[in-house]
Amino acid sequence: MAVREGLLALLGDGPSHGYQLKTGFEAATGGVWSLNVGQVYTTLERLERDGFVASTEADGQRSYRLTEDGVGELGAWWDST
């Protein structure tokens, strides 16, 4: 699993903030894969650029969610594993 797929999988559970995704990823890997928060946001920016993730900002916090294309990308990844 790469960071990209891990974040897509976590977003498959519903919208989330970047730091929540960081801690969720680390929990899912049993704490053996520590992420730099910058890596999380860089990956989210790429996912958003590619149309797999959309973000909204409210109360000074940015929340990320899967788009329809993101759901398809996540499904394709699950099917390939």
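In contact (Cβ under 8 Å) with a residue 24 or more places away in the chain, in a helix (DSSP H, G or I), of a type in the set (A, V, I, L, M) and at negative phi: is that true of Ala9 in this structure? Before you say what the answer is, go through the steps one by one.
Details: in contact (Cβ under 8 Å) with a residue 24 or more places away in the chain: yes; in a helix (DSSP H, G or I): yes; of a type in the set (A, V, I, L, M): yes; at negative phi: yes.
Answer is yes for this residue.
For residues that are surrounded by fewer than 16 Cβ atoms within 10 Å (Cβ to Cβ) and either touching a residue at least 60 places away in the same chain (Cβ under 8 Å) or of a type in the set (D, E, K, R) (or both), scanning just segment 12-22, find the one that is nearest to Thr67 (Cα to Cα). Please lay out each step first, then the result.
Just the residues of segment 12-22 that are surrounded by fewer than 16 Cβ atoms within 10 Å (Cβ to Cβ), to begin with: 12-15, 17, 19-20.
Those still in the list that are either touching a residue at least 60 places away in the same chain (Cβ under 8 Å) or of a type in the set (D, E, K, R) (or both) too: 12-13.
Working: Gly12: 10, Asp13: 13 Å.
So the residue we want is Gly12.
Identify the residue in segment 23-75 that is polar (S, T, N, Q) and assigned to a helix (DSSP H, G or I) and, among all such residues, is surrounded by the fewest Cβ atoms within 10 Å (Cβ to Cβ).
Applying the first criterion (polar (S, T, N, Q)) to segment 23-75 yields 23, 29, 34, 36, 39, 42-43, 55-56, 61, 63, 67.
Within this subset, residues satisfying the condition of being assigned to a helix (DSSP H, G or I) are 23, 39, 42-43.
Numbers: Thr23: 16, Gln39: 14, Thr42: 12, Thr43: 22.
So, considering only residues that are polar (S, T, N, Q) and assigned to a helix (DSSP H, G or I), the one surrounded by the fewest Cβ atoms within 10 Å (Cβ to Cβ) is Thr42.
In segment 3-35, what count of residues is obtained for those that are of a type outside the set (Val, Ile, Thr) and over 11 Å from the mean Cα position of the chain (by Cα)?
Here is the first cut: in segment 3-35, the ones of a type outside the set (Val, Ile, Thr) are 4-22, 24-28, 30-31, 33-35.
So of that shortlist, the ones also over 11 Å from the mean Cα position of the chain (by Cα) come out as 26-28, 30-31, 33-35.
Final tally of qualifying residues: 8.
Would you pick out the residues in segment 28-65 that are among the basic types (Lys, Arg), in contact with a Leu (Cβ under 9 Å, 6 or more places away or on another chain) and under 13 Å from Val3 (Cα atoms)?
Initial filter on segment 28-65 (among the basic types (Lys, Arg)): 46, 49, 62, 65.
Filter again for in contact with a Leu (Cβ under 9 Å, 6 or more places away or on another chain), leaving 62, 65.
None; the set is empty.
Hey, among the residues in segment 12-22 that are touching a Lys or Arg at 6+ places or on another chain (Cβ under 8 Å) and part of a loop (DSSP other than H, G, I, E, B), which one's farthest from Ser63 (Cα to Cα)?
Gly14
Just so you know, all these numbers are worked out from the coordinates, no wet-lab data involved. If you're wondering where the values come from, they're calculated on a predicted model, not measured in any experiment. Reconstructed Cβ throughout: ideal geometry from the backbone, glycine too, with neighbour counts over all protein chains shown.
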